[in-house]
Amino acid sequence: MKKGPQKTFRDMRDPTTAEAPKITYPCDYPLKVVGDAAEDFPACVCQVVVRHAPDFDESTMEVVESRTGRFQSVRISIRATSEAQISQLFEELKATGRVHMVV
């Protein structure tokens, strides 16, 4: 029996369901912010987050070091009120120059 080329996961997705899931606001919105490890990196992230989510509770923030210690991820959850709020938060975090990725 002759087999054709293997399809990748991406090839098998149904293009009609490729749109992003709808988010109903307000909602709890988890974020992971990754940057170079530094003593003040979590505080830098927190300062930006508080400007966009004033009710953010800093005590819920979790900081995780990478295996090599080169990077840190700051894990938080905010009460998101709109898509615009999330977009502005992502943009300001990236604009710090210290953030490599926001997930």
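The values are calculated or read from the model by the stated rules, or taken from the named source; none is laboratory data. Being a predicted model, the structure only gives us computed values, none of them experimental. Cβ atoms come from the backbone with ideal geometry, glycine included; neighbour counts cover every protein chain shown. These area figures cover heavy atoms from the full protein model, side chains too; ligands, DNA and RNA do not enter into them. Shrake-Rupley method; radii C 1.70, N 1.55, O 1.52, S 1.80 Å.
Within the set of pairs 6 or more residues apart or between chains, which connect a residue that is farther than 17 Å from A84 by Cβ inside segment 44-57 to a residue that is of a type outside the set (S, T, N, Q) and assigned to a loop (DSSP other than H, G, I, E, B) with Cβ atoms less than 7 Å apart?
Sorted first by the residue in segment 44-57, then by its partner, the pairs are C44/R98; C46/M61; V50/F56.
Contact list please: Cβ distance under 8 Å, first residue in segment 88-103 and touching a residue at least 24 places away in the same chain (Cβ under 8 Å) and within 15 Å of P42 (Cβ to Cβ), second residue acidic (D, E) and open to solvent by less than 80 Å² (accessible area, probe 1.4 Å), pairs at least six apart or on different chains.
Here the result reads R98/D36; H100/D36, each pair linking segment 88-103 to a residue that is acidic (D, E) and open to solvent by less than 80 Å² (accessible area, probe 1.4 Å).
If Q72 satisfies every condition in (1) in contact (Cβ under 8 Å) with a residue 40 or more places away in the chain; (2) open to solvent by less than 20 Å² (accessible area, probe 1.4 Å) but one, which is the exception?
The failed condition is (1).
I'd like the full set of residues that are assigned to a helix (DSSP H, G or I), small (G, A, S) and within 14 Å of V48 (Cα to Cα), limited to segment 65-103.
S87, A95, listed by residue number.
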